[in-house]
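Notes follow once the structure below has been shown.
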Amino acid sequence: MKNNLNLLPDNIKEILVNQGIKELTPPQEKSILLGLLDGKNLVVSSPTASGKTLIAEIAIINNYFKTKKKAIYLCPMKSLANEKYESFTKKYSFLKTALSIGDFDKVDAYLQDYDVIITSNEKMDSLLRHGIRWIRNTSTIIVDEVHLINDLSRGPTLEVLITRLRKILPNAQFIYLSATIKNDVELSKWLDARLVKSNFRPISLIHGNLLFNKIIYEDGTEKILNFGVSDEESLLKDTIIEGKQIIFFLTSRRNTESLAKRLARSTENMLSEEVKKELNKVSEKLKNVLETPTSQCMLLSEVVKKGVAFHHAGLLMEQRNIIEVAFKNNLIKCICATPTLAVGVNLPAYRVVVRDLKRYDGYGSNWIPVLEYSQQAGRAGRPDYDKKGEALTISRSEEEQKIIIERYINGENEEIYSKLSAEPILRTHVLSLITDLFARHKKSLLDFFKSTFWAYQFKGDFELESKVLNVINELAEWGFIKIEKDNYLCTPIGKRISELYLDPLSAHKILVAFNNIKNVELNEISLLQLITNCVEMHNLLKVSSKDHPLIIKLLNDWEKNLLIKEPSPFDYYYEQYLSSIKTVFAFIEWINEKDDEYLRKAFNLAPGILRSMLFIGDWLIYSIGEIAKFVLDEDERKEMLSLVKKLRVRMQYGVKEELLPLIFLKGIGRKRARKLFDASIKSPQDLLKEEEKAKKLIGEKTFERVKKTLLYSNNSSRHLSKGLA
């Protein structure tokens, strides 16, 4: 049989052979036959593990050799971007590869010197808003997981980003990687791309359903599980006996922890002593990620000792990374995860169980989409380890089994649809297009939106024009753009808001609140209330009836500090206002040095969720300071910027203001800083003067590291000012 690697140029073939690749998979071969090496745009619609990433890599290498121009690899999630970066740098050391997933208000000028830029969709959108000049020196754009255009939260940004890049780079090659979807022909036509469709997987995936201890597979074969325990425990035991690994997908964080705790009872006597020894090391790492472990950390640590873990957004990123590495190393045998793992890092298992097929969506408990099931099921099967993978579901009755088999095992993935039509989503993108002169006229703006998937799918020119013009009028009313006949001009503050990647509605709320500055005693509560009323602040804490006395007390105590006054109880957003007050209280507790376990118990705030909120909060507080520069008088501006600077540090470290001089010292966390302060060591100078006392409080090794840092910086005041900057 002819080696299909010969379809490649010799230089690319040599690179792949050196990686141990002996032949191309069917979708890879089909991509080449459809013009991959000739610069044709392609939509690659095929299952997980079918070789889509290598298609993208071949395009990048081929175009680099031909043009020496840049490639951009777009990922939907930071975790996926990190994984792609690590993989790419190992395989292609001759290319200068950069990872850009950080601050939305940085242009990352260093990127102009790199050949390959791996980034998130949102970060790329932000870079375009900052007017990056190197973008036109790009020959290849890879869009990973393009089917996420269907996602309500991430889809609109991805759709607008693709539309912009296609207009900016009409001669670049676009490679779109997608899971199998029903309307991939429609998607490829919109993208002016050739469709590479394949059902190939390097290892077969067999679907099945478990009912009454019996697995019925789609090919008609059956397997009986006689362990005398629950369905989940039976599946885990059977998997470990076969020397394999398993992932359970569940809909909530609570469910993942509950199941992991239950499953851990079944595994202790099924692990070798060598594996137990290594798991104990992993357990200790997980437990000690925080200065003071929470009960969640302790539970995770305990179940991991027995080869089981849970994985969700409530965990710290470092903990999730530790779990993923231990699973890849075949130490952890079972992960109980929320669905986000299905679109994150590449973490395959022999067996995947999609246990929760229904999810509460605000109206009731409804079946999850088939596409979501397929994403999770696609994690089954480990290349290089197995010849097949199993994707299983669990039924509680024969009637439910019939529904599951018909809907998920025999069903097909749904069509994907644009989610761009909501006016709140349009606000930020319309402002961005006007800001960077991409659409300065009514016609050019409407023409842009007529190029989107939304317009392609729904063909509703009147509805589209009406929504876009409503947004235009809103932006003009808020002072972010000016309208002169059919021409649009961005105002200086409108441009800054777009650069900050801020929803214009959030910026408008901040500006309205600034009108009340002279009437309040400005402090950290004032700013925290502002950020919790911004659109970007997700996960506002829910208020129950038992919270009302506390909320009323807080409103009374903080009345003189609140920039946004309490609305009428009859207003539709009154409950959201109360939620914002409760969330402010949680932040106040954090910056007053309450620990993670307290916040978890008092507010049901898991460490991972808290860190996510703090990250968003820091960005919003910074944005408040930037907006203040445009509208506040000199005295107000100085007060605001000083407050912003201090609060950002306090949010980062979770400390009272009195600890700020100490918290910047390397190796001094919030606990050690508090020990030093309470012992009257309140500054770097005090620490050097009270050497013996400091050594007893923080340990000799830590003290020597701190001392070395201070001496290196010549004097402590310079070190402190550097930190505060």
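The values are calculated or read from the model by the stated rules, or taken from the named source; none is laboratory data. Nothing here was measured: the structure is a model prediction, and the numbers come from that model. Counting neighbours? That spans all protein chains shown, and the Cβs are built from the backbone with ideal geometry, glycine included.
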Check whether at least one residue in the range 337-350 is free of Cβ contacts under 8 Å to residues at least 24 places away in the same chain and either in contact with a strand residue (DSSP E or B) (Cβ under 7 Å, 6 or more places away or on another chain) or not β-branched (Val, Ile, Thr) (or both), and report yes or no.
no
Among the residues of the range 307-337, which ones are surrounded by fewer than 20 Cβ atoms within 10 Å (Cβ to Cβ) and closer than 18 Å to residue 246 by Cβ?
325, 328, 329, 330
Please tell me if residue 544 is modelled with pLDDT under 95, small (Gly, Ala, Ser) and more than 26 Å from the chain's Cα centre (by Cα).
yes
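A quick yes/no check of all residues on (1) among the hydroxyl-bearing types (Ser, Thr, Tyr); (2) modelled with pLDDT of 95 or more; (3) not assigned by TED's automatic domain parsing to the domain that holds residue 377:
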| site | (1), (2), (3) |
| --- | --- |
| 220 | no, no, no |
| 251 | yes, no, no |
| 257 | no, yes, no |
| 269 | no, no, no |
| 274 | no, yes, no |
| 279 | no, yes, no |
| 288 | no, no, no |
| 302 | no, yes, no |
So which of 563, 578, 528, 541 ends up being buried (at least 18 other Cβ atoms within 10 Å of the Cβ), more than 20 Å from residue 603 (Cβ to Cβ) and not polar (S, T, N, Q)?
563
Sole residue being touching a Gly at 6+ places or on another chain (Cβ under 8 Å) and modelled with pLDDT under 90, chosen from 103, 108
108
Tell me which helices (runs of 4 or more DSSP H) are completely within the range 627-687 and hold 2 or more residues being touching a Pro at 6+ places or on another chain (Cβ under 8 Å), or say none if there are none.
660-663
Check on residue 19, surrounded by fewer than 20 Cβ atoms within 10 Å (Cβ to Cβ), of a type in the set (S, T, N, Q) and outside the structural domain of residue 391 (by TED's automatic domain parsing):
yes
Could you please let me know if residue 4 is polar (S, T, N, Q), surrounded by fewer than 19 Cβ atoms within 10 Å (Cβ to Cβ) and closer than 30 Å to residue 413 by Cβ?
yes
The listed residue being in contact with a strand residue (DSSP E or B) (Cβ under 9 Å, 6 or more places away or on another chain), in contact (Cβ under 8 Å) with a residue 40 or more places away in the chain, of a type in the set (D, E, K, R) and more than 30 Å from residue 619 (Cα to Cα), out of 70, 30
30
Taking the range 461-482 and keeping only residues that are of a type in the set (Val, Ile, Thr) and more than 10 Å from residue 434 (Cβ to Cβ), one is left with 468, 471
Output for the range 615-644, where each listed residue is among the polar types (S, T, N, Q) and buried (at least 18 other Cβ atoms within 10 Å of the Cβ):
623
The helices (runs of 4 or more DSSP H) lying wholly within the range 403-521 that contain at least 2 residues that are surrounded by fewer than 19 Cβ atoms within 10 Å (Cβ to Cβ) and more than 31 Å from the chain's Cα centre (by Cα) are 442-449, 461-477
Residue 664 passes all but one of the listed conditions (1) modelled with pLDDT under 95; (2) over 25 Å from residue 588 (Cα atoms); (3) of a type in the set (Phe, Trp, Tyr); the exception is number (2)
In the set 212, 227, which member is in contact with a helix residue (DSSP H, G or I) (Cβ under 8 Å, 6 or more places away or on another chain), aromatic (Phe, Trp, Tyr) and without any contact (Cβ under 8 Å) to a residue 40 or more places away in the chain?
227
Among the residues of the range 378-385, is there at least one that is in contact with a helix residue (DSSP H, G or I) (Cβ under 8 Å, 6 or more places away or on another chain) and either under 30 Å from residue 216 (Cβ atoms) or not in a strand (DSSP E or B) (or both)?
yes
Residue in the range 281-290 that is within 15 Å of residue 333 (Cβ to Cβ), within 29 Å of the chain's Cα centre (by Cα) and surrounded by fewer than 19 Cβ atoms within 10 Å (Cβ to Cβ) present
no
Conditions (1) surrounded by 15 or more Cβ atoms within 10 Å (Cβ to Cβ); (2) without any contact (Cβ under 8 Å) to a residue 60 or more places away in the chain; (3) at positive phi -> residue 681 fails only (3)
What number of residues in the range 112-128 are without any contact (Cβ under 8 Å) to a residue 40 or more places away in the chain and either buried (at least 18 other Cβ atoms within 10 Å of the Cβ) or under 22 Å from residue 156 (Cβ atoms) (or both)?
2
Can you confirm whether the range 230-245 contains a residue that is more than 26 Å from residue 360 (Cβ to Cβ), among the hydroxyl-bearing types (Ser, Thr, Tyr) and modelled with pLDDT of 95 or more?
yes
Assess whether residue 521 counts as being without any contact (Cβ under 8 Å) to a residue 60 or more places away in the chain and among the acidic types (Asp, Glu).
yes
Does any residue in the range 496-510 that is of a type in the set (Lys, Arg) come within less than 7 Å, Cβ to Cβ, of a residue that is buried (at least 21 other Cβ atoms within 10 Å of the Cβ) six or more places away or on a different chain, and which pairs are these?
509/533; 509/534
Residue 556 being among the polar types (S, T, N, Q), out of contact with any helix residue (DSSP H, G or I) (no Cβ under 8 Å at 6 or more places or on another chain) and either modelled with pLDDT of 95 or more or not assigned by TED's automatic domain parsing to the domain that holds residue 626 (or both)
yes
For the range 622-637, state whether one or more residues are of a type in the set (A, V, I, L, M, F, W, C) and within 30 Å of residue 318 (Cβ to Cβ).
yes
Filter the range 286-313 down to the residues that are farther than 16 Å from residue 253 by Cβ and of a type in the set (S, T, N, Q) and list them by number.
288, 292, 301
